[in-house]
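Each remark here refers to the structure printed beneath this line.
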Amino acid sequence: MLTINNFNLKDYRSICSNIFLHKDITTEKSICRYISIDCLIDMLSTNKLYVSNRKHLNDKREQGIKENLRDIFPLSAQYHSKEMTQNEAQRINDLHQAAYSVYVSCWTQRIEESIMFWHCYGQDTCRITTTIGDLVNSIISPNNTILIAPIKYDDRGRTELVEQKVFSKHVAYKDEQEIRLCVLPNEKENPPLLSIDLSAMIHEIIINPFFCKSYQIFLKETLEDRFTFLKGRVSLSHILEFNF
């Protein structure tokens, strides 16, 4: 099981209990997340932020599947003793397997609306906007260690660094401009459940532009009536592709 000590701590700063922020991003950074309507309603109803195990993400590399055979075997030091070499190789392999079992919530730094993002994330979604600082401050007494860092994009498959296993993706995904919230599992709470103060987190919800206009308006009114703190925070998209 991974711990905070498996990461390069000099690159992180502790900003509150159990939450560590990478030096390359600030709390003022605006981020957004595309989320299905069902998941949005569930989050609003339960005040819980869903975090998915990497095993459930679409990108097969997130699940630990490799293109090249040589990338399957992690690098490890060579010792005079065969037993020590085997033990070290097993230790590194266990860490890397643990890296593929962390829980993540994926956000993007790309704040302007993107027609490609709406197509990519599906036509049953809405978009939530916040800042890193408000996301962090909205998490109530986390029992798990949480790291927040930008994803680095490259085409390298083999690495001995656990952190690169968690916070890197293939260069084909670079347009995502992802900021990743990574939750390290613990023995008490697995999968982790993050209690959230949504009134502190959500700045704006944008309704999917591919819904018909009448449904967009209905959904906006329904959200604002059912969850009163959302009044004035739910908007229709500026993209006008749907023939209404």
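All of the numbers you see were taken from the coordinates with simple rules; none came from a lab. No experiment lies behind these values; they were computed from the predicted model shown. We place every Cβ from the backbone using ideal geometry, glycine too, and count neighbours over all the protein chains shown.
For the stretch 161-219, the Kirkwood radius over C-alpha pairs fed into Stokes-Einstein at 25 °C and 0.890 mPa s yields D = 154 µm² per second.
Percent of alpha carbon pairs in the stretch 204-244 separated by more than 16 Å?
30 percent
Ranked by how many other Cβ atoms sit within 10 Å of their own Cβ, fewest first, the residues VAL171, VAL51, VAL102 fall in the order VAL171, VAL51, VAL102. Note on the stretch 1-65: Rg/Rh from Cα positions, Kirkwood definition for Rh, rounded to two decimals, is 1.02.
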